[in-house]
1. Being of a type in the set (Asp, Glu), modelled with pLDDT under 90 and surrounded by fewer than 15 Cβ atoms within 10 Å (Cβ to Cβ): is that true of GLU36 here?
2. Select from segment 62-77 the residues that are assigned to a loop (DSSP other than H, G, I, E, B) and loosely packed, with under 15 Cβ neighbours inside 10 Å and list them in ascending order.
3. Please determine, by comparing only the residues of segment 21-56 that are under 10 Å from the mean Cα position of the chain (by Cα) and in a loop (DSSP other than H, G, I, E, B), which one is farthest from LEU74 (Cα to Cα).
4. Quickly run through segment 36-78 and pick out the residues that are of a type in the set (D, E, K, R) and more than 12 Å from ALA12 (Cα to Cα).
5. Between a residue in segment 14-26 that is among the β-branched types (Val, Ile, Thr) and any residue that is assigned to a loop (DSSP other than H, G, I, E, B) and surrounded by 15 or more Cβ atoms within 10 Å (Cβ to Cβ), which pairs come within a Cβ distance under 6 Å, given they are 6 or more apart or on different chains?
6. Checking ASP59 against (1) surrounded by 13 or more Cβ atoms within 10 Å (Cβ to Cβ); (2) part of a helix (DSSP H, G or I); (3) at pLDDT 95 or above: exactly one of these is not met. Which one?
7. Which one of these does ARG45 not meet: (1) surrounded by fewer than 17 Cβ atoms within 10 Å (Cβ to Cβ); (2) touching a strand residue (DSSP E or B) at 6+ places or on another chain (Cβ under 6 Å); (3) modelled with pLDDT of 95 or more?
Amino acid sequence: MKRKTTKASHFAVCINNAGYKASLEVGKLYRVIPDEQAASHGYVRVVDESGEDYGYAVDRFFPLEVPQALADALQIGG
């Protein structure tokens, strides 16, 4: 039986919030906003605690791909 392919949503877990304790929580899953220009400079754009998207150094996060069904269930983006 062939599995149905579903779109994956991109997320990242914060692993370092030094200097950004009000904006980022260590261990929390954040939605990643694709931004090639930010990536070319070593940054990842995420929706932080303010509810807005900002660029942070990529080494503050561990990237994950979350199945769209899980993202929908958690109501955290897509």
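1. In short, no.
2. Of the residues in segment 62-77, the ones assigned to a loop (DSSP other than H, G, I, E, B) are 75-77.
Matches in segment 62-77: GLN75 only.
3. Among those residues, the one meeting the criterion is PRO34.
4. GLU36, GLU49, GLU52, ASP53, ASP72, listed by residue number.
5. That search, which allows pairs on different chains as well, returns VAL26/ASN17.
6. So the condition that ASP59 fails would be (1).
7. (1)
The values are calculated or read from the model by the stated rules, or taken from the named source; none is laboratory data. Since the structure is predicted, the reported quantities are computational estimates derived from the model, not experimental observations. Glycine also receives a Cβ, built like all others from the backbone with ideal geometry; neighbour counts cover every protein chain displayed.
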